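*Asks:* After the structure tokens below, expect a handful of questions from me.
The values are calculated or read from the model by the stated rules, or taken from the named source; none is laboratory data. A quick note: this is a predicted structure, and the numbers were derived from the prediction, not measured. Cβ placement follows ideal geometry from the backbone for every residue including glycine, while neighbour counts extend to all protein chains displayed. What goes into the accessible areas is simple: the full protein's heavy atoms, side chains included, and nothing from ligands, DNA or RNA. Shrake-Rupley method; radii C 1.70, N 1.55, O 1.52, S 1.80 Å.
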Amino acid sequence: MPLIHFTERGLYCPRADVYIDPWLPVSKTLITHAHADHARPRMGSYLSHHDSVAVMRQRLGDISAEGVRYGEKKKVNGVEITFLPAGHIPGSAQIRLASEGEVWVISGDYKLENDGLCEPFEPVKCSHFVTESTFALPVYQWDEAGNVMASIERWWQQNSAEGLCTVLQCYSLGKAQRLLHALSQEIGEIFVHGAIHNTNEALKTAGYKFPHAQYLDASVDGKRLRGAMVLAPPSAIGSSWLKKLKPCKVGAVSGWMSLRGTRRRKNFDRGFVLSDHADWKGLNTAVLSSGAEHVYVTHGYSHVFAKWLRSQGYQAQAIDTAFGGEDEDAEQDEPANPESN
Amino acid sequence: MQAFAQLIAQIDASSGTNAKVAALLDYLHQSSDDDKLWCIALLSGKRPPRPVRSSLLRELAAQVSGIPLWLVEESYHVVGDLAETAALLTPTNEEQSELSLSELMQELGALRKMDDEAAGAYIRATWQKLSRYERFVFNKLITGGFRIGVSQRLMVRALARYLDEDPNTIAHRLMGAWSPGDVQFEDLLRNPRPNENLSRPYPFYLAYPLEEAPDQLGELGQWQVEYKWDGIRGQLICRKGKLYLWSRGEELVTERYPELGELDGSAWPDVVIDGEILAYKEGKPLPFGLLQKRIGRKKPGKKVQEEVPVVLKAYDLLEWHGEDIRHKALRERRKKLEILVDQVNSSNILLSPKLEVETWEQAAALRTECRALAAEGLMIKHLDGEYKTGRKRGEWWKWKVDPMSIDAVLIYAMRGHGRRANLFSDYTFAVWKASELVPIAKAYSGLSDKEMAEVDRFVKRNTIERFGPVRSVQPELVFELGFEGIAESKRHKSGIALRFPRMLRWRKDKAAAEANSLEDVKAFLRAQART
Ligand SMILES: [Zn+2]
Ligand SMILES: [Zn+2]
């Protein structure tokens, strides 16, 4: 009997009686990271990296959660469980499960590039690799993040010069902190929407620092927004909240912005291609360096990527899950924030 | 090429029309006259026939990126644009091209005569010299399909500002047959000699749909009411005894319709008539479906001419004895048109009648009978109005008949193109035949962006089977489809074809079982036959 089963509640390890990122309520879970499509409410217990616990407590309320460090070994019913860095967002982990010589790695979401904020991705050897495939098409090739940050800053400067506020749409967990970490503080003040502020507060308890992020609450004088940068999640960009920031330019930062059709459809003033997921090359590299013979593809263009991997000699199959990926907006990472101003 | 690619990128990135016009104006200021002409031609759809087959582009993209063709194909389904797919697949580089747009277009002219091997070598070599965005623009140019978010109207606005001329004058100068190879910017736009171009048509005046009750328009006596014929809009020009027929798509179609093109114009004054090319037999218009047999044929044979003869229903006169009379009131133009039609005395040029109505109620009653006449509704035109350029509000209204409608179930979805790339936006709908769902129509318009995103999510989560870009989905969602006509069709499994199907409403209140049956749909066919 294989170590991991694909069930309608999610990935399941019968020997340890734990589910990994399940989408229906179960008693015991291992959570790769705190994004809403992986860490869902109403589970009996949660085991994840410490940083994910901090964010999950803020998002899911009073939960029974335990944190571990990267590389720390846990034994459950003879199954060895280890969380290893996935480089996706703070606290994100690949989960390694080993028992009787069978080794599985469940990648969660990952990227290979070091973003300087979260612990960089670490290849883990295994016989069975469960990979995501959000951007698993050869048309997705990311430019270096440094170049993208530089073009964001140039655009911000231009807007500043015109007395406009610069608004960037980004997920409130992961992308927002990555931007806060990388953007220059020389150009102007940086404000964040309430949902991002709350995430920052949670991450601060885990030791992260965002000294330049100012909470954009009602007390902030509108004049200070001229020339400033405001980070906000998709839910806020689509709402009347945005009106208070005008006159402004609105850009989006996402891997989906690499397609012209998406850029045009979303009607942003600018689209910047920057993702916390691996691109085509990254996914192929990760699969190769896992050394796995069996690959299970979830979360995205799973059927196409599995077919490609089979043509490359892997035993690969697509697994339908309830993770985001194929949906552009699936990684809705915050429940609509009631106190967002 | 660099400047042109930059222009396209700017237009692409900006949502407002002012920013687009500013980008165009910038380009006009900085580029040579030859480049300007090419830019105008390309952006207004006057492109040379495509030099390269799209299958060659697919093969090259596969070769250069080292991935199999099937994966190029899968990528294309998601990206929704082959030129962009190829640009994204090929490796990035930092180069930018020094070639000017007109030089590049000259090279592309030569490309058409090359065999696949030579063309492939040229394209691969050029790709290496271009940045990713330039490569996208280049691929667009070599595959022909160049459509970006610039309307003719914006181009005209930018040119009018650049040349300090009236936009209507510019719009007229851009009309008709010209190509960047055989005209100078100077002669075409700055100082055109009058009557140099005998075939040049006028820009069409287009009506706005009437959404409110017509009595909002005031006194009926100020308006001319006509049928809205269901054919193709055309302009028949006679100058110096020679005839030219233009379709609204700015295509010269003189030879396609010999009934009009071969009339003897030697005794006619110099005139330009605006009207509808209409399939017409034994004193009655034929349904649009039949005219379709003529539209694609460059040189129609005797048989099809006998089966589907066409006439021009003339409704306006734009030029009279060589003089542009568009600024005159409709009532005056109409008088001259009546004189002309009488004088020409041809059974192929018929006056579109003014309808004798005294109240809006009478007009409304006539409108309900339009279908029997193969008309789409009524046209309402202000008698004092001049003939304007393009779609303008206020003096010309189209008041179409209400569509027929049915409730149908979504069964297939396909990823869209352009703005709808990577979004399941093209749908196939079915109705019940006993316990089976039979496809009845495809539709992709009528939903809001928000609704479309919602359907997209449904499709991704309720896929049954995948066939390339198409997915079959759980038959759960019901939509009210509107359509303008219905005809029997052997090509369709359902045995019928709907004309202009579109989504009127998402019927979230209905379950699939409550959708209409094929019998219900066929009832429309019988009803139509009775009238
Ligand atoms: Zn994630
Ligand atoms: Zn995810």
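*Asks:* Over every pair of different alpha-carbon atoms in region B:205-400, take the mean of 1/r and invert it; report that Kirkwood radius in Å.
*Replies:* 17.3 Å
*Asks:* I would also like to ask the following. Give me a comma-separated list of calculated 3J(HN,Hα) values for region A:121-128, in order, Karplus coefficients 6.51, -1.76, 1.60 applied at θ = phi - 60°, integers in Hz, x for any Gly or Pro.
*Replies:* Coupling constants for region A:121-128: 3, 10, x, 10, 6, 6, 9, 10 Hz.
*Asks:* Can I ask one more? Give the cross-link partners of B:Lys354 among the lysines, using a straight C-alpha distance below 24 Å as the criterion and excluding same-chain residues fewer than 8 apart.
*Replies:* Cα-Cα hits under 24 Å: B:Lys228, B:Lys281, B:Lys284, B:Lys313, B:Lys328, B:Lys335, B:Lys336, B:Lys381, B:Lys388, B:Lys392, B:Lys398, B:Lys400.
*Asks:* In whole Å, what is the distance between the alpha-carbon centres of region A:68-137 and region A:221-281?
*Replies:* One Cα centre to the other: 30 Å.
*Asks:* Also: Threshold 50 Å², probe 1.4 Å: give the residues of region B:414-459, in number order, that are less accessible with all protein chains present than with their chain alone.
*Replies:* When all protein chains are present, B:Arg419, B:Asn422 each give up 50 Å² or more of accessible surface.
*Asks:* Looking at the protein assembly as shown, send over the antiparallel percent of its DSSP beta bridges, to the nearest 5.
*Replies:* Approximately 65 percent, going by the DSSP bridge assignments.
*Asks:* Rounded to the nearest 5, what % of DSSP beta bridges with both residues in chain A are antiparallel?
*Replies:* Of the beta bridges lying entirely in chain A, close to 35 percent run antiparallel.
*Asks:* Considering all projection directions equally, how large on average is the shadow of the alpha-carbon convex hull of region A:145-272, in square nanometres?
*Replies:* One quarter of the hull surface, i.e. the mean projection, equals 7.6 nm².
*Asks:* Based on the inverse mean of 1/r over its pairs of different Cα atoms, what is the Kirkwood hydrodynamic radius of the protein assembly as shown, in Å?
*Replies:* Mean inverse Cα-Cα distance, inverted, gives 31.1 Å.
*Asks:* Right, something else. Put simply, what bits of region B:50-77 lose 40 Å² or more of accessible area when the other protein chains are there, versus the chain on its own (1.4 Å probe)?
*Replies:* B:Trp70, B:Leu71
*Asks:* Running a GNM on chain A with Cα contacts under 10 Å, which residue among A:Glu293, A:Glu100, A:Glu132 ends up with the highest mean-square fluctuation?
*Replies:* In this elastic network of chain A, the residue with the biggest mean-square fluctuation among A:Glu293, A:Glu100, A:Glu132 is A:Glu100.
*Asks:* Binning at 10 angstrom from zero up to the longest distance, how are the C-alpha pair distances of region B:380-495 distributed in percent?
*Replies:* Whole-percent P(r) values from 0 Å outward: 11, 34, 26, 16, 10, 2.
*Asks:* Stokes-Einstein diffusion coefficient for region B:287-422 at 25 °C in a medium of 0.890 mPa s, Rh from the Kirkwood formula over Cα pairs: what value in µm²/s?
*Replies:* This corresponds to a translational diffusion coefficient of 130 µm²/s.
*Asks:* Treating only the Cβ of Lys, Arg, Asp and Glu as charged (+1, +1, -1, -1), what charge dipole size does the protein assembly as shown show about its Cα centre? Round to the nearest 20 debye.
*Replies:* 1320 debye
*Asks:* Relative to the longest principal Cα axis of chain A, at what angle does helix A:280-290 sit, 0 to 90 degrees, rounded to 10?
*Replies:* Tilt of helix A:280-290: around 30 degrees.
*Asks:* At 1.4 Å probe size, with every protein chain present, just tell me what the per residue accessible area of region A:145-272 comes to in Å².
*Replies:* 39 Å²
*Asks:* If you don't mind, another one. For the pairing of chain A with chain B, what total accessible surface becomes buried, with a 1.4 angstrom probe, in square angstrom to the nearest 100?
*Replies:* Roughly 2700 Å² of accessible surface disappears when A and B pair.
*Asks:* Further question on the same structure: What value, in deg cm²/dmol to 500, does the helix sum -39500 (n - 2.57) over DSSP H runs of n ≥ 4 give at 222 nm once divided by the residues of chain A?
*Replies:* Taken over chain A, the calculation gives -7000 deg cm²/dmol.
*Asks:* Could you compute the net charge surrounding B:Val64? Neighbours are other residues with a C-beta less than 14 Å from the C-beta of B:Val64; K and R count +1, D and E count -1.
*Replies:* +4
*Asks:* Using a 1.4 Å probe, what is the accessible area per residue for region B:310-394, in Å²?
*Replies:* I get 47 Å² per residue for this part.
*Asks:* Another one. How large is the accessible surface of B:Glu103 in square angstrom, using a 1.4 angstrom probe and rounding to the nearest 10?
*Replies:* 90 Å²
*Asks:* Same structure, new question: Within the accessible area of region A:145-272, what % is carbon and sulfur when the probe is 1.4 Å and the other protein chains stay in place?
*Replies:* Of all accessible area on region A:145-272, carbon and sulfur atoms account for 48 percent.
*Asks:* If you look at just the Cα atoms of chain A, how large are its Rg and its Dmax in Å?
*Replies:* My reading of the Cα-based Rg and Dmax gives 20.1, 65 Å.
*Asks:* On to the next question. Give me the count of lysine pairs in region A:145-272 whose alpha carbons sit under 20 angstrom apart, restricted to pairs 8 or more positions apart or on different chains.
*Replies:* 11
*Asks:* Antiparallel versus total DSSP beta bridges in chain B: what percent is that, nearest 5?
*Replies:* Beta bridges within chain B, antiparallel portion: roughly 90 percent.
*Asks:* Based only on the alpha carbon positions, what is the Kirkwood hydrodynamic radius of chain B, in angstrom?
*Replies:* Across chain B, the inverse of the average 1/r is 26.2 Å.
*Asks:* How large is the Rg to Rh ratio of region B:2-143 when both quantities use alpha carbon positions and Rh follows Kirkwood?
*Replies:* We get a ratio of 0.97 for region B:2-143.
*Asks:* Just the number, please: carbon plus sulfur as a percent of the accessible area of chain B, 1.4 Å probe, no ligands or DNA/RNA counted.
*Replies:* 48 percent
*Asks:* Would you calculate a helix-derived [θ] at 222 nm for chain B, using -39,500 (n - 2.57) for each DSSP H run of n ≥ 4 and dividing by the full residue count, to the nearest 500?
*Replies:* Calculated from helices alone, the mean residue ellipticity at 222 nm is -11000 deg cm²/dmol.
*Asks:* How about region B:408-502: which trypsin sites (Lys or Arg not before Pro) there lie in a loop by DSSP and see at most 16 other Cβ atoms within 10 Å?
*Replies:* B:Lys490, B:Arg491, B:Lys493
*Asks:* For region B:125-213, with every protein chain kept in place, what is the accessible area per residue (1.4 Å probe, Å²)?
*Replies:* 45 Å²
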